[in-house]
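Take a look at the structure below.
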Amino acid sequence: MSIQETVANQYHSVLKMLGRAIELCPEPLWLSATGASPNRYWHIAYHALFYTHFYLAPGESEFLPWQHHRAEYNFLGAVPWRLNEIRIAEIPYTRPELREYLEFCHGEVDRQTAVLEIDAPSGFHWLPFNKLELQFYNIRHAAHHTGQLSERLSSQASLSLPWVR
């Protein structure tokens, strides 16, 4: 198995776990924020999908947002260039919308990892490493937020998110 195939497999695994987290979430939890976090469940799921898609692109200038992207909904909390302004995404994405985006991301994984040049620069000036390390970074990010959703499912709904190989 090539490095590109291994990377694709790990993306698909984390996306499958994220997809299960989307499916398992009860409706009241879908729309709610918990504890000290102002971020709703659906918003964390969208954020994870957006950045998976974003960092799969060859670079920032080549990135084309998903057709249903809403401006600045990718951010959790403050917009980086407006740190004093907390952005709360008011119009929730629905479960079917995020399932559609999830399937789109699975397709992007296949398209982008097939042509992945692992030693090329990341394509994002703020991430000073090569494309292979960018893939690890991106998968870790998606796994981090999937873990957040898993914790909410467990603590708020007594549901467990099964592991995907």
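The values are calculated or read from the model by the stated rules, or taken from the named source; none is laboratory data. Because the structure is predicted, anything quoted here is derived from the model rather than measured. Neighbour counts run over all protein chains shown; Cβ positions are idealised from the backbone, glycine included. These area figures cover heavy atoms from the full protein model, side chains too; ligands, DNA and RNA do not enter into them. Shrake-Rupley method; radii C 1.70, N 1.55, O 1.52, S 1.80 Å.
Structure data summary
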| read-out | value |
| --- | --- |
| Answer residue from region 69-86, given it is open to solvent by less than 70 Å² (accessible area, probe 1.4 Å) and at negative phi and is modelled with the lowest pLDDT among those | Ala78 |
| Top-ranked residue in region 116-125 [being in contact (Cβ under 8 Å) with a residue 24 or more places away in the chain and more than 11 Å from Gly59 (Cα to Cα); ranked as surrounded by the fewest Cβ atoms within 10 Å (Cβ to Cβ)] | Ile118 |
| Residue within region 52-68 that is touching a residue at least 12 places away in the same chain (Cβ under 8 Å), within 18 Å of Glu151 (Cβ to Cβ) and either β-branched (Val, Ile, Thr) or part of a loop (DSSP other than H, G, I, E, B) (or both) present | no |
| Among (1) open to solvent by less than 30 Å² (accessible area, probe 1.4 Å); (2) within 19 Å of Phe50 (Cβ to Cβ), the one test that Tyr137 misses | (1) |
| Residue in region 99-111 that is touching a residue at least 40 places away in the same chain (Cβ under 8 Å) and of a type in the set (Gly, Ala, Ser) present | no |
| Selection status of Asn39, in contact (Cβ under 8 Å) with a residue 24 or more places away in the chain, polar (S, T, N, Q) and touching a helix residue (DSSP H, G or I) at 6+ places or on another chain (Cβ under 7 Å) | no |
| Residue selected from region 5-52 under the condition charged (D, E, K, R) and either modelled with pLDDT under 95 or touching a strand residue (DSSP E or B) at 6+ places or on another chain (Cβ under 7 Å) (or both), by the criterion surrounded by the fewest Cβ atoms within 10 Å (Cβ to Cβ) | Glu27 |
| The lone exception for Ala89 - which of (1) surrounded by 15 or more Cβ atoms within 10 Å (Cβ to Cβ); (2) in a helix (DSSP H, G or I) it fails | (2) |
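Conditions tested, residue by residue: (1) closer than 22 Å to Cys25 by Cβ; (2) under 18 Å from the mean Cα position of the chain (by Cα); (3) open to solvent by less than 60 Å² (accessible area, probe 1.4 Å).
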position: Gln67; (1), (2), (3): no, yes, no
position: Glu97; (1), (2), (3): yes, yes, yes
position: Glu100; (1), (2), (3): yes, yes, no
position: Asp110; (1), (2), (3): no, yes, no
position: Leu127; (1), (2), (3): no, yes, yes
position: Ser158; (1), (2), (3): yes, no, no
